[in-house]
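One structure below.
Every number here is computed from the coordinates shown, using simple stated rules; none is lab data. Only a predicted model underlies this, so the values are computations on that prediction, with no experimental measurement involved. We place every Cβ from the backbone using ideal geometry, glycine too, and count neighbours over all the protein chains shown.
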Amino acid sequence: MPETSLDLLRKACFERRISNSFGKFVHWSPDQLAALRDLIWSASEKTLRASYEKKFVRTKGPQQNPPSDVVGAAVATAPRKFLFRISSEDVDREDDTIACNGWNFANFASNSPVLLSHDSASMPVAQSSMPHQSANSILAYATFPAAGTSPRADEVCSMVAAGILRGASVGFRPLKWKLSTDPTRPMGIDFLAHELCEWSVVSVPANPSCTLIGASSGKSISAGSRATTRADRIAEAAAIRRSLLGRI
């Protein structure tokens, strides 16, 4: 039996929902994918069309590296530790929300990688502090290794220090979730409980509010450190105040 236009629309919405093509990286289980497919197949054509027409599809262009002289000049003097907002409860570009009180960091604490664009096949570029909640946001420090340890890490660090690479994005395994009932967010997902696998420095985050807050003026934490110090907290509060004042 030939596929109808509704069948094609369902498939397109399902593929878009699981593509991880924009920002955050969701590690769906087979059972969760089956449940998501059933929900999409049971949605009305009106909801599916609203979702399909609203979603922004990112097109991937060729990657361009910064000139080597720019990287080399910045590496020696660039800060090596930065505070990021890695998640918040704001609605993201895929009409999803992620509850701050639903995060599970237990497994992340034993590894804490910071990747570049969710590329888990490559070496991490930095080490994360233990993420912590501040109001409706999750914050974490990224500490890059000493200059010369990794050319890739040096490149990313210098781009962050220069203010060119500013986005942050979470890679996680959903534990509890539901489709949004908000008519302005057709096929959006409310993630209620989730396990953090990694977070990444990215060019375009799914959540526009998840960006660099600022460099830390304190000493770099050791690779084994999992908690921020009082000085870190003071620097964090000052950086957040500056960030908020800059929006007024």
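General remarks:
- Note on residue 81: aspartates and glutamates with a C-alpha under 20 Å away, same-chain residues under 8 apart excluded, are 154, 155, 198, 232, 236.
- Vicinal HN-Hα couplings computed from phi for the stretch 182-196 (Karplus, 6.51 cos²θ - 1.76 cosθ + 1.60; Hz; Gly/Pro x): 6, x, 7, 10, x, 6, x, 10, 9, 7, 9, 9, 7, 9, 6
- Spin-label proximity, residue 132 to the stretch 142-179 - amide N less than 12 Å from point 7 Å beyond Cα toward beta carbon: none
- Global form of the stretch 155-194, assessed from the alpha-carbon gyration tensor, a/c cut-off 1.5: oblate
- This ranking places 150, 42, 169, 51 by how few other beta-carbon atoms lie within 10 Å of each, fewest first, which gives 42, 150, 51, 169.
- Percent RCO, i.e. relative contact order, over the stretch 91-192, from Cα pairs under 8 Å lying at least 6 residues apart: 30 percent
- In nm, spacing of pseudo-spin labels at residue 123 and residue 164 (7 Å Cα→C-beta vector): 2.1 nm
- In this simple spin-label approximation, residue 39 and residue 8 carry label points 7 Å from Cα along the Cα→Cβ vector, and these lie 2.7 nm apart.
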